[in-house]
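Presented below is the structure to which this report refers.
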Amino acid sequence: MKTIKILLILISLALNIQKVTAQTSSIIDTEYNLRGTIYAPGPIESYRNKEKDSNYYLLLAKKYLEMPDTNPYKYQNAVDNLRNSLLLDKNNSEAFELQSKANYDFAMHSLERGEREFKSGDFGEGYYFYKALEHFSNAYLNGFKKEEVIANTEKINSLLTDSKKKVILFNESNLYKISTVYQEKNTAAYDSIKKVYKAKKADPNVDKNELLDILKKRQEYVEYYFENNKLEPYAYNQTTIERATLGIEMGDTENSCLLLYKTDLLYFHEKGYGDKACKTWYDKYSKAEEIRIALERKEAAKKWQTEHPNKIKLRSLIGQNDDIVKSYLGAPIAKNFKMNVGQGFNRDEYSANRYKTKNGTYEIAFKNSNVTRIQFFPIVIIKFDPRAFELNDSNFDQEVTNRPGSCFPAFNDGFSGKTKIFSIDYSCEGYLASLQFYGVNGKVTSVVVY
């Protein structure tokens, strides 16, 4: 009986949340907290002694829309009152048309503010972008400017992606899930199912399969759970962790260990799952991942060589391991010799390998098994051309890769005796990098990369 009761609760929540329109189910009093302030519109005289009906809320919405954009309640209270109007008379066509336009205008207003703040360096957890999406969604559900809504949704997706934050993207198929009504129902369902889970978990005789079913359903609601137009990735991760750890406890290591590992790698290792409950799975998975990554890197190396047949691989070797270096340059002709860099207190000693190719000789230093420094000595004649180096139009691969974030180059040239030096010094997020060309008589004699 208990299982049937829980199932009925889950079905009820699911059916309720699927009924999505742009309308609401209860009157919202937008004036309660604004009476007597500069943000509230004046009273509607014709309704001083009349009952508030659909047209009253339509008129109130119009009053808000006539206010300047400096009124922070302008759009929100306008769309709330239009929903009030349609709740009292769903056939009020003027309210419906104005609701569609007001939602669209509110979305554009939010998007423009989000863009301004993002350009000034304040992402604000995506608040204004998700606010814009909410009201684009409302307009879309009313059939208003559908093509423009989708175009703006794609624009917001691009901005959210550029933020490098944990975000959720929307398109035509899932846009309804950020509409005002869907969010209200989703939040109510999420809060309800949390209570169900808490009560069931407190029962010492609970069937763990019941708990797992509740967590799976909770995960569906929390995927699109927003708190005040801010995505709550922690809530989703926490639900997933609970689901995975319960699954492991029930013996489903094949699926649940993978789910926990992919959700929170730090938690997986800190709690010792890799050494205990998930050890067999983790040993097998780690070995398979090593093979997969090695194959992917080799394929990437082949692809690069095919796409850049005349380029001399340099800058993007930094950070690669010995296997990848060999896939580009072949086996080393000398291994583990000492490379000394710098002088005095700044002197470093590395273990290095030497490789010979048709273009020249590489001396490559490794740190923690990855390439940290390269010295290249060409055996073919390469023109020393600072202009080509600066424009990245030389024989050399100059791009900074395998590093997060953006890098900004500075160009410097000079002489050391008869040797001409041209360097590209990169300022990146959290580290520095350099590419230095040395030349005599107009020819490159060596290149240093680190």
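The values are calculated or read from the model by the stated rules, or taken from the named source; none is laboratory data. The shown structure was predicted, so the numbers you read here are calculated from the model rather than taken from an experiment. All Cβ positions, even for glycine, are placed from backbone atoms using ideal geometry, and neighbour counts span all protein chains on display. For accessibility, only protein heavy atoms count, side chains too; no ligands or nucleic acids. Shrake-Rupley method; radii C 1.70, N 1.55, O 1.52, S 1.80 Å.
Before we move on, is residue 217 in contact with a Leu (Cβ under 6 Å, 6 or more places away or on another chain), under 30 Å from residue 246 (Cα atoms) and not small (Gly, Ala, Ser)? Yes, satisfied. Only one of the numbered conditions (1) part of a helix (DSSP H, G or I); (2) modelled with pLDDT under 95; (3) more than 30 Å from residue 130 (Cβ to Cβ) is violated by residue 276, and that is (1). Identify, please: which residue in the stretch 377-398 is under 20 Å from residue 317 (Cα atoms) and in contact with a Gly (Cβ under 6 Å, 6 or more places away or on another chain) and is, among those, most open to solvent (accessible area, probe 1.4 Å)? Taking the candidates together, the pick is 379.
Just to be sure before I move on: is residue 49 under 35 Å from the mean Cα position of the chain (by Cα) and either crowded, with 18+ Cβ neighbours inside 10 Å or assigned to a loop (DSSP other than H, G, I, E, B) (or both) in the structure I sent? In short, no. The residue that is nearest to residue 150 (Cα to Cα), among those in the stretch 84-116 that are exposed (fewer than 15 other Cβ atoms within 10 Å of the Cβ) and free of Cβ contacts under 8 Å to residues at least 40 places away in the same chain, is 112. Would you be able to tell me the number of residues in the stretch 1-46 that are part of a helix (DSSP H, G or I), modelled with pLDDT under 55 and farther than 24 Å from residue 182 by Cβ? Qualifying residue count, the stretch 1-46: 4.
Consider residue 131 carefully, then state whether it is open to solvent by less than 60 Å² (accessible area, probe 1.4 Å), of a type in the set (Lys, Arg) and closer than 19 Å to residue 170 by Cα. Criteria met by residue 131. Could you tell me whether the stretch 326-336 includes any residue that is open to solvent by less than 70 Å² (accessible area, probe 1.4 Å), modelled with pLDDT of 90 or more and in a strand (DSSP E or B)? So far as the stretch 326-336 goes, yes, one or more of its residues are open to solvent by less than 70 Å² (accessible area, probe 1.4 Å), modelled with pLDDT of 90 or more and in a strand (DSSP E or B). Only a single item in (1) within 42 Å of the chain's Cα centre (by Cα); (2) among the hydroxyl-bearing types (Ser, Thr, Tyr); (3) open to solvent by 20 Å² or more (accessible area, probe 1.4 Å) is not met by residue 56, and it is number (1). If you filter the stretch 60-83 down to residues that are assigned to a loop (DSSP other than H, G, I, E, B) and of a type outside the set (D, E, K, R), you find that the one that is least open to solvent (accessible area, probe 1.4 Å) is 71.
Elements of the type strands (runs of 3 or more DSSP E) sitting completely within the stretch 347-450 and holding at least 1 residues that are out of contact with any Asp or Glu (no Cβ under 6 Å at 6 or more places or on another chain) and of a type in the set (Phe, Trp, Tyr): these cover 348-356, 360-367, 370-378, 407-416, 419-428, 431-440.
Just checking, which of 173, 158, 192 is within 21 Å of the chain's Cα centre (by Cα) and farther than 30 Å from residue 95 by Cβ? Break it down into steps so the answer makes sense when it comes.
Working: 173 fails: farther than 30 Å from residue 95 by Cβ; 192 fails: within 21 Å of the chain's Cα centre (by Cα).
The match here is 158.
For the stretch 181-221: of the residues being of a type in the set (Gly, Ala, Ser) and assigned to a helix (DSSP H, G or I), which is surrounded by the most Cβ atoms within 10 Å (Cβ to Cβ)? Among them, the one singled out is 189. Screening 224, 282, 267 for residues that are part of a loop (DSSP other than H, G, I, E, B) and either open to solvent by less than 30 Å² (accessible area, probe 1.4 Å) or of a type in the set (Ser, Thr, Tyr) (or both) leaves exactly one candidate, 224. Considering the stretch 358-376, the residues that are out of contact with any helix residue (DSSP H, G or I) (no Cβ under 8 Å at 6 or more places or on another chain), crowded, with 19+ Cβ neighbours inside 10 Å and free of Cβ contacts under 8 Å to residues at least 40 places away in the same chain include one that is nearest to residue 348 (Cα to Cα), namely 365.
If you check residue 165 against the conditions, is it in a loop (DSSP other than H, G, I, E, B) and basic (Lys, Arg)? The answer is yes for residue 165. I'm trying to understand the selection: among the residues of the stretch 80-135, which are of a type in the set (Asp, Glu) and more than 17 Å from residue 230 (Cα to Cα)? Once the filter is applied, which keeps residues that are of a type in the set (Asp, Glu) and more than 17 Å from residue 230 (Cα to Cα), the stretch 80-135 yields 80, 89, 94, 97, 105, 112.
Of all residues in the stretch 46-58, those that are touching a residue at least 40 places away in the same chain (Cβ under 8 Å) have Cβ atoms under 6 Å from Cβ atoms of residues that are open to solvent by 30 Å² or more (accessible area, probe 1.4 Å) and charged (D, E, K, R), 6 or more apart or on another chain, in 54/89.
It is to be established whether one or more residues within the stretch 289-306 are touching a helix residue (DSSP H, G or I) at 6+ places or on another chain (Cβ under 9 Å) and not in a helix (DSSP H, G or I). No - not one qualifying residue is present in the stretch 289-306.
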